[in-house]
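Take a look at the structure set out below.
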Amino acid sequence: MDWKSRCEITDDVVFFKYVPEGLEKNVDEVFVWDLDKTYLDTSIDSIQGLLLTAVERALAKKNVPGTNVLLQQLAKTWIQAKGQSRFPIYFITASPPQMETRIDEKFALDGIRPFGCFYKDNLQNLYPRRWWRLTKQVGYKVQALLQLRLRLKAEVKQIFWGDDSESDALIYNLYSDICARRLSPLEIRNVLRHFFVTGEQADRILDLQMRIPEVDPVEKIYINLAADTDPDWYLKFGRRTLPTYNYFQVAVDLCQDQRLPIQAVIAVAQDMIFNYSFTPEELVRAFDELVRRRVLGQQCFDRLVPVLMEHGIMPAFYKPGLAPGRETRVEQGKVYDLEGHFEPWVAQRIDYLHDYR
């Protein structure tokens, strides 16, 4: 079947919907995952990588370590807590829509049933004069996210996953600023122009802004450090944006925010050890790094450490390099502040035009 008959196409944004509109409008919380280098270990930032990924079979597509078990546990926990039958997750990828069938096969193999998936009509850029567009994702992703926002209820909260290879932290925070009207239309145009977004796509983005609710839906942003960027760089966006070295760290933070039970953290750790050759020592260092970075607070630390020791993931003699901070602001189980925090949760003015903290 022709893929064009199964999707909605707006410019280079191609959306495949897998659930009825009524279900999309009926959820209070939505999870959005970038696919490449965040869920699947793929490389599409070059012509060779794009072509190799396009012909790769579903069975050959590899997960980023820990992602499948993490997502399964997150979905299971959410469904039990909400009493619903389907986990509200969307994927966004710069892969071309011609790959949708094989990626959908991969989702089926992993036991995932997304609400929908965004693809970039990127094969049209395989011409010498358009090659530069292959790796420019800001305009495409911001437009896709705003189109998604129109599909959801006004009061929805969104949790995002991305990586440091496609400017995802910038994209998600710019989307947040556009939704909250923290930037003027002229400022938005200047930022988009800086990131090589065409004037036509900027017009589309501003038109979408006029149609969405004036509220910031972004609850949390996780950034997988696939390119090993310094995590301190992300403090310019505020602590809502959390860079992580691996998905064990993500599981720990989700546990702290009561989105995952402790046993789910153990399941992710065991998956990474037994299926991806991580050592317990590596996971302990990752755990300690969250403590030193003032991400993990005292209460979650006290709950997790004995269980990690019981399962042989953490040695009985473990002592943190720095004492975990005491929680000073917790709302509905979500930890927003620890003692010793100085950076804001959400930065009110982000300098998008200069590459410094």
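Only the coordinates and a few stated rules stand behind these numbers; no lab work does. Everything quoted here is computed from the prediction, not taken from an experiment. Neighbour counts run over all protein chains shown; Cβ positions are idealised from the backbone, glycine included.
For the range 3-244, the gyration tensor built on C-alpha atoms gives a rounded shape. Its axis ratio a/c (a ≥ b ≥ c) stays under 1.5.
Here's the list of lysines a cross-link from residue 136 could span, going by alpha-carbon distance under 18 Å and ignoring same-chain residues fewer than 8 apart: 37, 120. For residue 19, nonlocal amide neighbours, meaning residues 5 or more places apart or on other chains whose placed amide H falls under 5 Å from its own, do not occur.
Net length available on complete extension from residue 355 to residue 10 is 121.1 nm, with 0.36 nm assigned per residue and the Cα-Cα distance removed.
Between residue 332 and residue 276, the FRET efficiency estimated from the beta carbon spacing at R0 = 30 angstrom works out to 0.35. In plain terms, the residue of 67, 229 with the fewest other Cβ atoms within 10 Å comes first and the most crowded comes last, giving 229, 67. In terms of the mean number of neighbouring beta-carbon atoms within 10 Å, the peptides 23-36, 270-283 order highest first as 23-36, 270-283. Can you give me the distance in nm between label points at residue 299 and residue 76, each placed 7 Å from the Cα along the Cα-to-Cβ direction? Going from the residue 299 label point to the residue 76 one covers 2.5 nm.
Ordering 352, 225, 284 by Cα displacement along the dipole of the chain toward the positive end leaves 352 in first place; charges were set at the Cβ atoms of Lys, Arg (+1) and Asp, Glu (-1).
If I take R0 = 35 Å and measure r between the Cβ atoms of residue 84 and residue 136 in this structure, what FRET efficiency does the formula 1/(1 + (r/R0)^6) give, to the nearest 0.05? The computed FRET efficiency comes out at 0.40. Karplus-derived 3J(HN,Hα) values for the range 15-27, using 6.51 cos²θ - 1.76 cosθ + 1.60 with θ = phi - 60°, are 10, 9, 9, 10, 9, x, 4, x, 5, 4, 7, 9, 10 Hz; glycine and proline are entered as x. For the chain, the 222 nm mean residue ellipticity estimated from helices alone, with every DSSP H stretch of n ≥ 4 adding -39500 (n - 2.57) and the total spread over all residues, rounds to -12000 deg cm²/dmol. Between 269, 75, 154, the GNM of the chain built on Cα springs shorter than 10 angstrom shows 154 fluctuating the most. GNM on the chain, alpha-carbon springs under 10 angstrom: the most fluctuating residue among 222, 318, 140 is 318.
Panel order for 194, 354, by other beta carbons found within 10 Å of each beta carbon, from fewest to most: 354, 194.
As a proxy for reagent exposure, 161, 3 were ordered by neighbouring Cβ count within 10 angstrom, fewest first; the result is 3, 161.
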